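Presented below is the structure to which this report refers.
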Amino acid sequence: MNPSSSSSLRIPGTPFLHAPGPTRLPAQVVNAMGIQPLELGDPALDTLIADCENGLRRVFGARHSDVFMYAANGHGAWEATVCNLVAPGGCVVVAGSGTFSEAWALHAEGLGVRVLRTACEVGRAADAGAVEALLRADTAHEIAAVFAVHTDTGSGVTSDMQAFRDAIDAASHPALLVVDVVASLAAAPFDMDALRVDVAIGASQKALMVPPGLSFVAVNEKAMRVAEANTTPRVYWDWLRRRSDLSYRKFCGTPPQSLLMGLKAALDLVFEEGLAQVIARHRRLAAAVQAAVEGWSERGDVAFHVRDAKSRSVSVTTIAVREGIDPEALRTLARERFQVGIAGGLGNLAGRIFRIGHLGDLNAPMVLGCLAGMEAAMSASGIAYGPGVERAVRVLSAPAGENVQ
């Protein structure tokens, strides 16, 4: 039985998964996760953990940072970061960019932290200028950190992290720069050291092609010093306890070995292809999807949610529907009849958009299959759309590096 379908009948072939996470698992990852876990004293376990840490450092661009891994989703890594950096009553700035920036703000407030938000303009990148203004006004330097989401999966917006580094520098403020790269890690360019990001947060289930359940933080020495001075009670999330050569201390207990084996296999695939080539592939596939959406929008029933092309994510494209169209009904039809799994809107975007993920273990024919499946679903739903697949074909058939729309 196809678990993505409510039907008990077997449907031949492979369903297409185009959510922005979880993403498709390569066979190598699935096979690695089926390997028998190791006895906890086996030196091979230490090697596995070290390989994952070193691989994550390469992907983060965090050559001299500590990397901590958690048996948790990205929200767990958020909590770890807040607990290590900010005492209850402390203050952070959260740069508004969409559903997940607001969720992060609420998470911090739930832990007793005071949050200053910058306004989130629908479908637009986060405003670094507004962050700079808050930092300049904070003459007592009460703001401990600036939290920014690189790619907000809910809105499909990618924000310029260099602009936030520049804002902090221009304000001459000691606040840490903390970046959520859950949706962009190994999909979009990101170099923690070059950007002078103090903490970067990632997770396993998106471009890293591993099931949900692992999250990680890369922490530089400046942020570690802040954590050392922070008296917030913490045990499981504590970076200081996890800064150890002992595997059971690194994970505050038994390591999630099967997920680590999957992560090692996924990182091997990334480095075998080449990180630069992986990022270029994501850029090309995203361009194809967005060319299709540009074509679809000519008939007026669907349109880009993110109007500024420069802010559109290479991980996920958000598509708004005109009033009267039910995107959830479209999703159900796409999944059940045409075997294409896409995502819906979250929070205040629920019932207003659908989202096509194009990250992880994907190639051109898979993207074209997704787009054709969506055109079939839109046709069956009576949704008007312009030429989409042919626009995507034009992008994908052009010589590599050529910009075709």
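Remark: region 189-344 is approximated by an ellipsoid whose semi-axes, taken from the C-alpha gyration tensor as √(5λ), come to 38, 19, 18 Å, largest first.
Percent of Cα pairs in region 183-246 per distance bin of 10 Å, from zero to the largest separation: 18, 42, 34, 6. Counting only Cβ charges, +1 for Lys and Arg and -1 for Asp and Glu, the dipole size of region 21-121 around its Cα centre is about 340 debye. Taking only the alpha carbons of the chain, we obtain Rg and Dmax values of 21.4, 65 Å in that order. Exposure proxy ranking for 374, 161, based on other Cβ atoms within 10 angstrom of each Cβ and starting from the fewest, stands as 161, 374. Taking other C-beta atoms within 10 Å as the exposure proxy, 17, 185 rank 17, 185 from fewest upward.
Each of 361, 160 has some number of other Cβ atoms within 10 Å of its Cβ, and from fewest to most they run 160, 361. Here the chain is assigned +1 on the Cβ of each Lys and Arg and -1 on the Cβ of each Asp and Glu. Its dipole about the Cα centre then comes out at about 480 debye. Full extension of the chain between residue 225 and residue 379 yields a length gain of 49.7 nm, computed as 0.36 nm times the residue separation minus the alpha carbon distance.
For the chain, relative contact order (Cα pairs under 8 Å, six or more residues apart, normalised by length) works out to 21 percent.
Within region 52-194, DSSP assigns beta bridges of which about 15% are antiparallel (rounded to the nearest 5). Taking the convex hull of the alpha carbon positions in region 51-178 and averaging its projected area over all directions gives 8.0 nm².
Note on region 274-397: Kirkwood radius taken over Cα pairs, Stokes-Einstein applied at 10 °C and 1.306 mPa s, translational D equal to 110 µm² s⁻¹. If you run the Gaussian network model on the chain, springs between alpha carbon atoms under 10 Å, then out of 277, 36, 339 the most flexible one is 36. On the basis of the beta-carbon distance and an R0 of 60 Å, residue 139 and residue 246 show a calculated FRET efficiency of 0.85.
Here, region 122-246 yields an orientationally averaged convex hull projection of 9.2 nm² when only Cα atoms define the hull.
Just so you know, all these numbers are worked out from the coordinates, no wet-lab data involved. Since the model is a prediction, treat every value here as computed from it, not as a measurement. Methodologically, a virtual Cβ is constructed for each residue, glycine included, from the backbone with ideal geometry; neighbour enumeration extends over all protein chains shown.
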